[in-house]
Amino acid sequence: MDPSAVAGCFRDKTILVTGSTGFLGKCMPIYIHKIHAIYVILLVEKILRVQPDVKRLYLLVRAPDAVSAEQRVLSQVLEKDLFNTLREKHGLTHFERLVKQKIVPLAGDTGFHNFGLDGPTVEALCEEIDVVVNGAATTNFYERYDVALASNVLGAKYGCEFAKKCRNLKLLLHVSTAFVAGTQEGLLLEKALQMGESLRQGYHLDIETELRLVEKVKTELAAAKSGSSDQSEKTALKELGFNRASHFGWPNVYAFTKAMGEMLLEQHREDLPVVIIRPTMVTSTYQDPFPGWIEGARTIDAMIVAYDKQSFPCFVGDRKDIMDVVSNTQCHSYVVAMGDKLSLLFYGLFAEYYKKHNRRYTFLMLLVKLYAPYAFFKGCFDDTNLTRLMMEVKMDGKDGNIFNFDLRSIDWHSYLLSVHVPAVLKSDQYAVKTEKYHA
């Protein structure tokens, strides 16, 4: 199957896409976010570029009404630099016409039955849709447990239920993560997760129990509030999610709830044609549509930004792992520098420096808590299905192939230093300026 045949598969097809605008706000200095939105936005751009004869792209976004949904799609999807190649290719007038003809925003929410859409809309969509791409998720490692369950667990269930109603459905594509495997070591086979499966031996995971637990905790927090801040409730629910994930053997609430979502999908799919993709860490674009497009600080990018700002003094990891890391000498320098500050105790300035460095210490410990499982990850993902797909589409590893996903074709040293790191820092600077502007 050559590239033109792949593009031809989308001709005259109607596709429903969830998650194109992301779940959370744009400026989150520590946590990863909007990873799935990045995949989905890239997918929308790619389809419009390689197959402008796609019949229609429905983009489901969280909005109170149709007008707000349209505005959100315009501002958070179509106005992005990512679509500059399309604008240049068609010209601004023809690009706007293409968008108006092909893209239909829908106000809804994957955390609700039928995505929160009314009956007539659901009926009309189910008659028309050929493909459902469920990319909506919260990808925050330190998310509130109730939010993560609604988006990543119930969202997968409701997405499956909706797809089963689509009479002409060819495919349900569910975006997950490779790290549903947790921090297991050795070769990690690509297999479906079974209901109740836990990464901690001897434990059984009951999703209904988890849903009841979070509601019980929320009720208790509300009853005991009496003057405590909303931030206290948020922190308690974040800690609950992190602790429940750890209890069952997952490193964070993101991977944990995405695993539960896969379990529900496997339980409810029946004979539905389903493909689950499990990406690892996502970085900026390599070449297509142009090098270095990125949005926000995600996964390793948060470490790059923190190091650039000297909030994080070094990169920590195992040099024997597949991912190379910076030497540990910066850590030693930081410890020496911190030790030198103790002499200030005798000058009555300890309190001031304590506050400053205690904030840094708290920040560092949170980074360690969230990212250490990946800095020392010992697993090796089986890529048999990906290899088969490369063979099916006759992947030759050449950059000119518009569907090239052979990672062996990338000069990683050049890409990381010349493309990705500059793109991350540029994106962070833009995010900071935007945050100040809206403050």
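The values are calculated or read from the model by the stated rules, or taken from the named source; none is laboratory data. Just so we're clear, the structure is a prediction, and the values are computed from it rather than from any experiment. Note that we place each Cβ from the backbone using ideal geometry, even for glycine, and neighbour counts take in every protein chain shown. For accessibility, only protein heavy atoms count, side chains too; no ligands or nucleic acids. Shrake-Rupley method; radii C 1.70, N 1.55, O 1.52, S 1.80 Å.
Observations on the model:
- Protein-only accessible surface order, largest first, of Val61, Val104 at 1.4 Å: Val104, Val61
- Overall form of the range 141-242 per C-alpha gyration tensor (a/c, 1.5; a/b vs b/c): oblate
- Alpha carbon convex hull of the range 83-196, volume per residue in cubic angstrom: 187
- Sparsely packed GluC sites (Glu not before Pro) within the range 228-297, loop by DSSP, other Cβ within 10 Å at most 10: Glu270
- Taking 20 Å as the cut-off, the amide N atoms of the range 52-85 that come nearer than this to a point 7 Å along the Cα-to-beta-carbon line of Glu127 belong to 55-59.
- Accessible area of the range 125-164 belonging to carbon and sulfur atoms, whole % at 1.4 Å probe: 47
- The chymotrypsin sites (Phe, Trp or Tyr not before Pro) of the range 132-236 that DSSP puts in a loop, and whose beta carbon has at most 14 other beta carbons within 10 Å, are Tyr203.
- Net charge contributed by nearby residues that have their C-beta within less than 9 Å of Lys238 (K/R +1, D/E -1): 0
- Rg/Rg_ref, the range 88-137, where Rg_ref = 2.2 N^0.38 Å and atoms are Cα: 1.48
- Accessible solvent surface per residue of the range 195-288, calculated while the other protein chains remain in place, 1.4 angstrom probe, Å²: 50
- The slack in the chain from Glu392 to Gln231, taken as 0.36 nm per residue of separation less the alpha-carbon distance, amounts to 52.9 nm.
- Here the spin labels are modelled as points 7 Å beyond Cα on the Cα-Cβ line, and at Gln267 and Asp12 they lie 4.0 nm apart.
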